[in-house]
């Protein structure tokens, strides 16, 4: 009778299943990193928008000190304020615009940003209102004449800062 000889192979390497498995795991890791990077970028831009809202409040206080307590009570005054204190452009009766950290801000005299277009990677919308205070992430008109609130539209929601 025949004796079956075992054939030994001296080949070394990975099987196709092992290679596919490693590629699949690597793809998942790359996908998770890509998703996290996108979210981190949005969060960074929103943090920058919140900082700019706080800077606007600070500049309002500077302007009040320079002009003996003037009031930002219309789009025309907002435009002049943006031009003089934020280094932006006076857009006449609609307000003004300025650029900071590669984001262009449209600033208007209003009590809400809910009707404004969504903020994108390069744009943001701000509303300044005299006699208002922040209530969570929105404005209410229960403040005194010297109170100011700034609300900025974020990529996710909005943020409000006031001078209180």
The listed residue being surrounded by 17 or more Cβ atoms within 10 Å (Cβ to Cβ), touching a residue at least 24 places away in the same chain (Cβ under 8 Å) and not in a strand (DSSP E or B), out of 52, 61: 52
Reported set for segment 121-132 where residues are surrounded by 11 or more Cβ atoms within 10 Å (Cβ to Cβ) and over 14 Å from residue 53 (Cβ atoms) is 121, 123, 130, 131
So which of 119, 115 is touching a strand residue (DSSP E or B) at 6+ places or on another chain (Cβ under 7 Å), closer than 25 Å to residue 41 by Cα and assigned to a loop (DSSP other than H, G, I, E, B)? 119
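Among the strands (runs of 3 or more DSSP E) contained in segment 123-164, which hold 1 or more residues that are on the phi < 0 side of the Ramachandran plot and without any contact (Cβ under 8 Å) to a residue 40 or more places away in the chain? Working first, answer last.
On the way: elements: 123-130, 133-135, 138-140, 148-153, 158-162.
Qualifying strands (runs of 3 or more DSSP E): 123-130, 133-135, 138-140, 148-153.
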Collect the residues in segment 65-80 that are surrounded by fewer than 17 Cβ atoms within 10 Å (Cβ to Cβ) and either in a strand (DSSP E or B) or touching a residue at least 24 places away in the same chain (Cβ under 8 Å) (or both), keeping them in residue-number order. 69, 71, 73, 74
Counting only residues that are on the phi > 0 side of the Ramachandran plot and part of a loop (DSSP other than H, G, I, E, B), which one in segment 86-100 is surrounded by the fewest Cβ atoms within 10 Å (Cβ to Cβ)? 87
Number of the condition not met by residue 76 [criteria: (1) at pLDDT below 80; (2) on the phi > 0 side of the Ramachandran plot]: (2)
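Name the one entry in 110, 83, 147 that is at pLDDT 85 or above, surrounded by 15 or more Cβ atoms within 10 Å (Cβ to Cβ) and farther than 27 Å from residue 38 by Cβ. First the steps, then the outcome.
Values: 110 fails: at pLDDT 85 or above; 147 fails: at pLDDT 85 or above.
One residue alone meets the criteria, 83.
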Could you list all residues from segment 101-112 that are assigned to a loop (DSSP other than H, G, I, E, B), closer than 16 Å to residue 149 by Cβ and touching a helix residue (DSSP H, G or I) at 6+ places or on another chain (Cβ under 9 Å)? 110
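The values are calculated or read from the model by the stated rules, or taken from the named source; none is laboratory data. Everything quoted here is computed from the prediction, not taken from an experiment. Heads up, the Cβs are rebuilt from the backbone with ideal geometry, glycines too, and the neighbour counts pull from every protein chain shown.
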